Amino acid sequence: MPRPSEYAVHLMISGGHREEIRFPTIEDFQKWYGSELKPKSDSRDFINVPIKNIQGEYMVIRPSEVVAIRLEPVFNSSVDRSF
């Protein structure tokens with residue numbers, strides 16, 4: 001079975017906003033989630049969200065405003081399925 005090339009994390013934020021960030025491995029996501037987001041889940045203070053694929057751009061969120069997270073494995077393959 002092929003391994004994902006990266007993981008897309010979809011953050012659903014109160015008010016209907018959605019943001020997508022990407023992590024190279026599931027372990028990188030778990031480390032960020034376990035050390036930054038989960039311990040501060042009730043906080044109104046801003047935390048940094050890592051955006052590794054966009055140079056010079058940063059995002060901060062209030063952990064208490066994240067209402068759902070969807071984790072999606074992304075597979076880079078040579079098969080074009082855009083039909």
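No lab work stands behind these numbers, since they all come straight from the coordinates. Please read all numbers here as calculations on a predicted model, not as lab measurements. In this analysis, Cβ positions are derived from the backbone assuming ideal geometry, glycine residues included, and neighbour counts consider all displayed protein chains.
Take the Cα radius of gyration of region 19-74 and divide it by 2.2 N^0.38 Å, N being the number of residues; the result is 1.11.
Ellipticity at 222 nm from helices only: DSSP H runs of n ≥ 4 in the chain, each -39500 (n - 2.57), divided by the residue count, give -2000 deg cm²/dmol.
The mean sequence distance of close C-alpha pairs (under 8 Å, at least 6 residues apart), as a share of the length of the chain, puts its relative contact order at 39 percent. Excluding same-chain neighbours fewer than eight residues apart, the aspartates and glutamates reachable from Lys31 by a Cα-Cα span under 18 Å are Glu6, Glu20, Glu72.
Full extension of the chain segment joining Glu57 with His17 gains 12.6 nm, where the gain is 0.36 nm per residue of separation less the Cα-Cα distance. Taken about its Cα centre, region 19-74 carries a charge dipole of roughly 100 debye when the Cβ of each Lys and Arg holds +1 and the Cβ of each Asp and Glu holds -1.
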